[in-house]
Amino acid sequence: MTAVSDDLIRDIEAVVGEAGIVRDTERMPRYLSDWRNAYRGVAALVVRPASTEQVAQVVRLCHLAGVALVPQGGNTGLCGGSIPDMSGEQVVLSLTRMTRIRDVDTANETITAEAGVILQTLQDAAAKVERLFPLSLGAQGSCTLGGNLATNAGGTAVLRYGNMRDLALGLEVVLPDGRIWNGLRGLRKDNTGYDLKHLFIGSEGTLGIITAAVLKLYPAVRSTTTAWVALPSAQAAVQLIGIIRGLCGDRLTGFELMSRQSVEFVLSHIPGCNDRFAEPHPWYVLIELSDTQPDAPLNELLEGAIGEALERALVIDAVLATSEAQVAALWALREGISEAQNHEGPSLKHDISVPVSSIPAFIEATDRRLLERFPGVRIVAYGHLGDGNLHYNISKPVGADDAWFKAQQDAITQVIYDAAVGLQGSISAEHGIGQAKRTAAARYKDPLELELMRAIKATLDPHGLMNPGKVI
Ligand code: FAD
Ligand code: MLT
Ligand code: ZN
C-alpha cells in the first residue's frame, strides 16, 4: 500500500469534480466512524463518484498508484467493514451519489438500481408499480443497495423471501483493476458456467465495487395481520412457528423472537413504546402474516393458530394489532432494540445462526455458561427465529466498568461462538465479518474454505488494495 500523493488527488478530482471529493474536517467524520461509534478510522480522502464510469476511473487510478480503497454505502454495517484503518493512507469510496433507478420491468418482475439507492427508496419505487421489494431491516432508511448486497443482508422477511443473495439476478461491478464487469442480466435461468455474482454478494467490498444490480420484484402485499405474543420459553416459540407454518404456509412473513431483557431496554429508552401486557413475560414473538389478496382472512388464520398454541400451553397471552398505528407500535418494540441497547453502555454484538430446532439448546447452554463465568452480564437475545438467526448481544453488568468489560470481550464471544459452532451453526448469519470477526473467522471456518477464499481474493485483487484488513 502507498500513501496518497497530491498528484493522485488532483487526478481523482479531475474525474469526479469538486463535488465528488470530501477532505474537510467538518464533513469527513461521518465517513470515518460507524453507526454505533464502535469503529473509527482515518482516510486520505473520501471520493464520491456519480457514475459507474467515474468509479472505474477512480479505481484504476488507485490501482496504478498502489493505494487501498474502502467501499462505503450508508455506513450502517455492524462489523466495521466500511471504516478505513488508522494509517490515513486509504481512500474511502462512497457510493452515495449513485442513486439512479435505471429500469423497472414489471413484465420481467425486476428493478435495476444503482448501488447508492437507499433501501427504503427502492421499496417505495417497487410500491409505485404495485410490487414488493421484500428486503426489510431496521436500518432501511439509511442503508444502501450496494451495502445490502456486499453484506448479503437478511432482516425480518428472509423466512419468506430469502436474503439479498436470493433477491439479486444480476450485478454490475468495478473490478480492483478498474475494469467494469457488466453482469446486469435479469434472468432467472442462466446455466453458462460459474455464477460470478455470488462471488461479489457477501464479499464486503473485498473483491470489487458493486455499482448496480438487477433485483427481483414480488406481487404487492394487500392484507397483513400482526400479532404480539407472550411465551414461556424459546422452545415454545419453536413449536409455535411450526404450528403457524402448518396452518398459514407462505403467508408467514415475519416471526421475530425477543427476550424480556430486550423488550425492557426498549421500554426504558425508546420514547412512546409501551408494554402490551400487564405482566412481564420471559419471551415474546412478533408475528406477521401477509397476502396479495385485499381481504384475505389473515386474522382468523392467525387466531386459529394462536388458539391451538394456547391450548397446548405454548402461549401465555396474545394481542392482534387492529390499526396501522398499533402495527407500527409493535414493530417499534422490535426495531428499537439495537438503539435501546446502545443507551446501556458498551455491548457485544453477535449474529449467530443454528438450525431452528437448536435455538432453545443454544440459549439454555450459552446463558448458563456465560452467567457462571461472567456474573451479571445482561443477555439481550432476539432475532429472526424463522431463519435460526439470533442476535445474542451482551451488555456489561450494571455498575461494571468499561475497562473490565472490554477485557472480557474475547472470552465472552468465544463462549458464544463455541456454542453456535458446536451446534453446527455459524458465527455470522447476516452482518458479515468486516474487521470485527476476522480473527474469529480464521479460527472457526474450515481451513480449506479459507484457502479457497484466499485464492479467489488473490486472483481478483492480487495487490490487496480492495478493502484490506476485512474478512480474510
Ligand atoms: P456499509 O455499512 O456502508 O458497508 C457494509 C459493507 O459493505 C462494508 O464492508 C463495505 O465496504 C461494503 N460495501 C458497501 N457498499 C458497497 C458497494 N457498493 N460495493 C462493494 N462493497 C460495498 N443487517 C441485516 O442483515 N439484517 C438486519 O436485520 C439488520 N438490521 C440492522 C439494524 C440496524 C439498526 C443497523 C444499524 C444495522 C442493521 N443491519 C442489519 C446491518 C446491515 O448490514 C446494514 O444495515 C446494511 O446491509 C449495510 O448497508 P450499508 O449501505 O450501510 O453498508
Ligand atoms: C436486527 O435484526 O435488529 C439487527 O440485525 C441486530 C443488531 O442490531 O444487532
Ligand atoms: Zn438482524
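In a helix (DSSP H, G or I) and more than 13 Å from ligand 1 (Cβ to nearest atom): which single residue out of SER357, SER338 fits that description?
Numbers: SER338 fails: more than 13 Å from ligand 1 (Cβ to nearest atom).
Just one listed residue meets the conditions, SER357.
Residues of the stretch 364-373 that are open to solvent by 10 Å² or more (accessible area, probe 1.4 Å) and either modelled with pLDDT under 95 or not basic (Lys, Arg) (or both): GLU364, ALA365, ASP367, LEU371, GLU372.
Counting only helices (runs of 4 or more DSSP H) that sit wholly inside the stretch 66-176, those with at least 2 residues that are in contact with an Asp or Glu (Cβ under 8 Å, 6 or more places away or on another chain) and near ligand 1 (Cβ under 8 Å from one of its atoms) are 145-150.
More than 15 Å from ligand 3 (Cβ to nearest atom), assigned to a helix (DSSP H, G or I), among the hydrophobic types (A, V, I, L, M, F, W, C) and in contact with a Ser or Thr (Cβ under 8 Å, 6 or more places away or on another chain) - does that describe any residue in the stretch 427-440? Looking through the stretch 427-440, at least one residue is more than 15 Å from ligand 3 (Cβ to nearest atom), assigned to a helix (DSSP H, G or I), among the hydrophobic types (A, V, I, L, M, F, W, C) and in contact with a Ser or Thr (Cβ under 8 Å, 6 or more places away or on another chain). For the stretch 276-302, the set of residues classified as farther than 16 Å from THR322 by Cα, assigned to a loop (DSSP other than H, G, I, E, B) and either within 30 Å of the chain's Cα centre (by Cα) or among the hydroxyl-bearing types (Ser, Thr, Tyr) (or both) consists of PRO280, HIS281, PRO282, THR292, GLN293, listed by residue number. CYS62 falls short of the stated requirement of being outside any helix (DSSP H, G or I) and either in contact (Cβ under 8 Å) with a residue 24 or more places away in the chain or more than 30 Å from SER353 (Cβ to Cβ) (or both). The residues on offer are ILE359, ILE394, and the sole one that is open to solvent by less than 10 Å² (accessible area, probe 1.4 Å), touching a residue at least 24 places away in the same chain (Cβ under 8 Å) and within 21 Å of VAL158 (Cα to Cα) is ILE359. The residues of the stretch 66-103 that are open to solvent by 40 Å² or more (accessible area, probe 1.4 Å) and not β-branched (Val, Ile, Thr), listed by number, are ASP85, MET86, SER87, GLU89, ARG97, ARG100, ARG102, ASP103. Out of everything in the stretch 30-49 that is exposed (fewer than 15 other Cβ atoms within 10 Å of the Cβ) and farther than 15 Å from SER87 by Cα, what residue ends up being modelled with the lowest pLDDT? Per the criteria, the residue is ASN37. Annotation: of all residues in the stretch 378-389 being open to solvent by less than 10 Å² (accessible area, probe 1.4 Å) and more than 10 Å from ligand 2 (Cβ to nearest atom), the one that is nearest to ARG245 (Cα to Cα) is LEU385. Pairs linking a residue in the stretch 445-472 that is at positive phi and not assigned by the TED database to the domain that holds ALA150 to a residue that is among the basic types (Lys, Arg) and open to solvent by 30 Å² or more (accessible area, probe 1.4 Å), with Cβ atoms under 8 Å and 6 or more positions apart or on different chains, are GLY464/LYS457; GLY469/ARG438; VAL471/ARG438. Filtered by the rule that a residue be under 20 Å from GLY154 (Cα atoms) and touching a residue at least 60 places away in the same chain (Cβ under 8 Å), the stretch 239-256 gives ILE241, ASP250, LEU252, THR253, GLY254, PHE255, GLU256. Any residue at all in the stretch 9-29 that's in a loop (DSSP other than H, G, I, E, B) and either buried (at least 17 other Cβ atoms within 10 Å of the Cβ) or aromatic (Phe, Trp, Tyr) (or both)? Checked against the condition, which is being in a loop (DSSP other than H, G, I, E, B) and either buried (at least 17 other Cβ atoms within 10 Å of the Cβ) or aromatic (Phe, Trp, Tyr) (or both), the stretch 9-29 yields no hits at all.
The values are calculated or read from the model by the stated rules, or taken from the named source; none is laboratory data. Please read all numbers here as calculations on a predicted model, not as lab measurements. Methodologically, a virtual Cβ is constructed for each residue, glycine included, from the backbone with ideal geometry; neighbour enumeration extends over all protein chains shown. For the accessible areas, the whole protein counts, side chains as well, though only heavy atoms, and no ligand, DNA or RNA atoms are used. Shrake-Rupley method; radii C 1.70, N 1.55, O 1.52, S 1.80 Å.
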